[in-house]
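One structure is given below, encoded as structure tokens.
The values are calculated or read from the model by the stated rules, or taken from the named source; none is laboratory data. The structure presented is a predicted model; accordingly, all values stated were derived computationally and were not measured. Methodologically, a virtual Cβ is constructed for each residue, glycine included, from the backbone with ideal geometry; neighbour enumeration extends over all protein chains shown.
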Amino acid sequence: MSKSILNSLLFATAISWAGLALSEEVEVQHTTEEVSSHTDTEAAAATETAGGNDAPISGIGWRLARKVEMGNTGKFIHMVLVEPKRQMDKTIYSNAITRICGKEEEFCRIRFWIEERFIPEKSIPTGEQLQRQKADFLMNRKAGIHRTQWSCTVDHDRSECMDW
């Protein structure tokens, strides 16, 4: 084979390869848009469940499942669902805390789960719901409280974790 034919074949192969890679990229982008659209729909449903007309509250690896009022106090507990594969990544919890409580000046409470079926409908969880809880964040300036407690499945340091 001549050198020019070989170069032409290599050039054609490179163009075919680039076209294939581009088509796969477009397919991945399309799939990502479908997943994103599905996630947006779920987040919108979560906002309705949370009881507000606010924009959906979620982030990478988590979403607000519901917001429950503590009696008639006007104070709420935010019930957050964390993706199970990310349950040990404390930056996921930190992101949710910052996003949900960032503008709160007096009080904010967030409870975290990885299984939606265990997220309570009321402010006081059952024993089983409490056992399935992964973390609990509480900020109450009047009481001088600002803490995060972790389930032992998230933080394996027995001196730092809680088995509720």
| said: Need the failing condition index for HIS156 against (1) under 19 Å from LEU81 (Cα atoms); (2) assigned to a loop (DSSP other than H, G, I, E, B); (3) of a type outside the set (Gly, Ala, Ser), just the number. | reply: (1)
| Does CYS101 satisfy being surrounded by fewer than 19 Cβ atoms within 10 Å (Cβ to Cβ), touching a Cys at 6+ places or on another chain (Cβ under 6 Å) and at pLDDT below 95? | no
| Just one of ILE110, ILE92 is in a helix (DSSP H, G or I) and crowded, with 18+ Cβ neighbours inside 10 Å; which is it? | ILE92
| task | Evaluate the following for GLU115: is it in contact (Cβ under 8 Å) with a residue 24 or more places away in the chain, in the same structural domain as GLN149 (by TED's automatic domain parsing) and touching a Pro at 6+ places or on another chain (Cβ under 9 Å)? | result | yes
| field | Residue tally, condition assigned to a helix (DSSP H, G or I) and not aromatic (Phe, Trp, Tyr), over the range 113-143 | value | 8
| request: Please specify each residue of the range 44-89 satisfying the condition of being among the β-branched types (Val, Ile, Thr), modelled with pLDDT under 95, crowded, with 18+ Cβ neighbours inside 10 Å and out of contact with any Ser or Thr (no Cβ under 8 Å at 6 or more places or on another chain). | output: THR47
| request: Would you confirm whether any residue within the range 121-133 is closer than 18 Å to GLY61 by Cα, hydrophobic (A, V, I, L, M, F, W, C) and surrounded by 11 or more Cβ atoms within 10 Å (Cβ to Cβ)? | output: no
